[in-house]
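> One structure is given below, represented as structure tokens, and several questions about it will come after.
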Amino acid sequence: MMMFWMAVRLALRSLVRNKVRAMLTVLGILMGVASVVASSAIGAGAKERIESQFASLGVNVLMVWPGASATGGARGAAGSASGLTEDDALALSREVPSLSASAPILSASTQVVSGSRNWSTRVYGSTLDYFRVRAWRTSDGGLFTDADVRTSAKVCVIGETVRRELFGDESALGRTMRVGRMPCTVLGVMESKGQSGFGQDQDDLVIVPLSTFRTRVSHRPGREIGFVMASARDPALMSRAEEGITRLLRQRHRLSGTDESDFTVRNMADVIKSFDEQRAAISLLLLVVASISLLVGGIGVMNIMLVSVTERTREIGIRLSIGARSRDILAQFLIEAVVLASVGGVAGLALGIGASLIVGMTTSWTVKVQPETAILAVAVAGGIGVIFGFFPARRAAKMDPITALRHE
């Protein structure tokens with residue numbers, strides 16, 4: 001152990017004597033470790049943010065959209081065809097056991113007005129199942145009731161953004177606002193959810209009973225709806241729920257086995273998985289770039305150690321001639337290479353954490369430094385010192401003492 005610490009002291013003394021050279025040598029390792037730590041922190045933060053944003057959409061959500069229309073052989077966008085009805089949504093909640101709730105929804109963009117203030121927002125007409133699917137509660141006041149849905153009551157619930165734009169710091173409860181041409185009473189304000197995974201402000205909305213929307217906001221006759229939001233009872237039942245929705249709606253729409261579905265079921269878990277795969281691909285690319293930096297840094301360590309062995313040939317010869325063993329020389333230069341690489345690793349760790357925190361403070365990105373990644377990056381830096389320092393150290397250990405003493 002005493003020999004080990006002596007080798008460490010000799011290694012540190014050698015590095016201190018050649019500060020600039022040592023600093024330039026560890027630069028590659030420093031940048032590589034910093035890149036690994038920063039990209040890992042940003043990637044982990046991005047994953048957490050995406051998951052939380054999609055989670056804010058609701059609990060185990062599945063979206064059901066009408067299919068694409070076709071005119072003269074030209075297909076429109078998804079949702080351009082009619083076909084989904086309130087009865088479809090009710091049937092889903094009754095007949096698909098893996099679903100806990102199913103909400104029929106109509107929506108439109110409109111102007112809302114209160115006093116001298118006005119705001120352009122999105123108005124949704126739905127039932128109480130909408131709030132169950134989205135696991136959404138009020139921060140102030142309450143929701144409309146089933147009786148309000150049956151009687152097309154002129155009541156509404158608003159998001160935090162609408163409350164702020166129309167009422168400022170005042171309470172919105174019991175106030176009357178105009179949705180399009182319809183005056184309605186504000187029953188409650190929803191808890192803030194922030195942006196969704198698609199970048200939309202989820203708090204910028206007004207929710208009214210479905211019947212109220214149909215008769216007083218958009219004047220849509222019949223039972224057709226825009227789309228359905230459904231919630232599976234458990235994350236493990238998402239695929240089964242999707243299959244159950246597809247099977248039931250095909251039955252209700254009298255589609256044969258060869259007919260194309262006139263609706264689209266979108267599993268939000270699959271959307272999250274797709275986003276996560278893209279994030280992982282970008283993280284892998286950044287990791288490859290960082291690995292190249294570490295490789296370049298390792299080559300730099302080998303190069304500087306070879307130069308150091310050449311410069312200290314007489315010193316090696318003297319040590320060997322007075323009784324030092326080959327393994328002592330090997331240990332000295334190997335430890336020197338490991339110390340050199342580890343200094344770069346620790347400096348890179350500090351730089352990576354600092355860069356991650358700066359990114360988090362100066363942008364809206366979420367960063368999450370992962371301790372296991374940081375420890376692994378520094379360990380890899382030390383490993384690079386062992387791998388790339390072994391050849392120069394072995395060369396020093398194999399020197400002939402007489403030949404080394406003659407070296408000028």
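> Among all residue pairs at least 6 apart or on different chains, which show Cβ distances below 7 Å where the first residue, located in region 186-197, is on the phi < 0 side of the Ramachandran plot and acidic (Asp, Glu) and the second is at pLDDT 80 or above and not in a strand (DSSP E or B)?
Taking only residues 6 or more apart or on different chains, the pairs are Glu191/Trp136; Glu191/Arg137.
> Any residue in region 117-126 that is among the β-branched types (Val, Ile, Thr), closer than 30 Å to Met238 by Cβ and in contact with an Asp or Glu (Cβ under 9 Å, 6 or more places away or on another chain)?
Quick first cut of region 117-126, residues among the β-branched types (Val, Ile, Thr) only: 121, 123.
Of the ones still in play, those that are also closer than 30 Å to Met238 by Cβ are 123.
Pick out the ones that are also in contact with an Asp or Glu (Cβ under 9 Å, 6 or more places away or on another chain) and you get none.
Checked region 117-126: no residue is among the β-branched types (Val, Ile, Thr), closer than 30 Å to Met238 by Cβ and in contact with an Asp or Glu (Cβ under 9 Å, 6 or more places away or on another chain).
> Another question about this same structure. Just a yes or no: is a residue in region 220-229 touching a residue at least 12 places away in the same chain (Cβ under 8 Å) and closer than 20 Å to Leu143 by Cα?
Looking for residues that are touching a residue at least 12 places away in the same chain (Cβ under 8 Å) and closer than 20 Å to Leu143 by Cα, one finds at least one in region 220-229, hence yes.
> Out of curiosity, is Gly197 under 35 Å from the mean Cα position of the chain (by Cα), at pLDDT below 90, surrounded by 17 or more Cβ atoms within 10 Å (Cβ to Cβ) and small (Gly, Ala, Ser)?
Values: under 35 Å from the mean Cα position of the chain (by Cα): yes; at pLDDT below 90: yes; surrounded by 17 or more Cβ atoms within 10 Å (Cβ to Cβ): yes; small (Gly, Ala, Ser): yes.
Considered against the rule, which asks whether it is under 35 Å from the mean Cα position of the chain (by Cα), at pLDDT below 90, surrounded by 17 or more Cβ atoms within 10 Å (Cβ to Cβ) and small (Gly, Ala, Ser), Gly197 comes out as yes.
> Right, next: Does region 355-370 contain at least one residue that is within 22 Å of Thr25 (Cβ to Cβ), surrounded by 14 or more Cβ atoms within 10 Å (Cβ to Cβ) and not hydroxyl-bearing (Ser, Thr, Tyr)? Break it down stepwise before answering.
Within region 355-370, the subset within 22 Å of Thr25 (Cβ to Cβ) is 355.
From what's left, surrounded by 14 or more Cβ atoms within 10 Å (Cβ to Cβ): 355.
Going one step further and asking which of them are not hydroxyl-bearing (Ser, Thr, Tyr), we end up with 355.
Checked region 355-370: at least one residue is within 22 Å of Thr25 (Cβ to Cβ), surrounded by 14 or more Cβ atoms within 10 Å (Cβ to Cβ) and not hydroxyl-bearing (Ser, Thr, Tyr).
> Sticking with this structure for a sec: Looking at Ser308, Ser274, which one is in contact (Cβ under 8 Å) with a residue 12 or more places away in the chain and of a type in the set (Gly, Ala, Ser)?
Just one listed residue meets the conditions, Ser308.
> Right, next: Here are some residues: Val228, Val217. Which one is touching an Asp or Glu at 6+ places or on another chain (Cβ under 8 Å), of a type in the set (A, V, I, L, M, F, W, C) and either modelled with pLDDT of 90 or more or under 27 Å from Thr176 (Cβ atoms) (or both)?
Selected residue: Val228, the only one of Val228, Val217 that is touching an Asp or Glu at 6+ places or on another chain (Cβ under 8 Å), of a type in the set (A, V, I, L, M, F, W, C) and either modelled with pLDDT of 90 or more or under 27 Å from Thr176 (Cβ atoms) (or both).
> Let me ask something else about it. Please tell me if Gly300 is touching a Ser or Thr at 6+ places or on another chain (Cβ under 8 Å) and assigned by TED's automatic domain parsing to the domain that holds Ala377.
Yes.
> Would you point out which residue out of Leu205, Leu249 is under 30 Å from Glu170 (Cα atoms), over 23 Å from the mean Cα position of the chain (by Cα) and surrounded by 18 or more Cβ atoms within 10 Å (Cβ to Cβ)?
It is Leu205.
> Of (1) assigned to a helix (DSSP H, G or I); (2) under 30 Å from Ser39 (Cβ atoms), Lys368 satisfies all except one. Which?
Answer for Lys368: the failing condition is (1).
This table checks each residue for (1) more than 40 Å from the chain's Cα centre (by Cα); (2) of a type outside the set (Ser, Thr, Tyr); (3) at pLDDT below 75; (4) within 30 Å of Ala397 (Cβ to Cβ).
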position	(1), (2), (3), (4)
Lys273	no, yes, yes, no
Asp276	no, yes, yes, no
Leu285	no, yes, no, no
Ser293	no, no, yes, yes
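> Under the condition of being assigned to a strand (DSSP E or B) and aliphatic (A, V, I, L, M), which residue from region 107-129 is farthest from Arg163 (Cα to Cα)?
Across region 107-129, the extreme among qualifying residues is Ala108.
> Inside region 156-169, can you point out the residues that are part of a loop (DSSP other than H, G, I, E, B) and either of a type in the set (A, V, I, L, M, F, W, C) or at pLDDT 90 or above (or both)?
Correct list: Gly159, Gly168.
The values are calculated or read from the model by the stated rules, or taken from the named source; none is laboratory data. This is a predicted model, so every value here is computed, not measured. Virtual Cβ from ideal backbone geometry, glycine too; neighbours counted across all protein chains shown.
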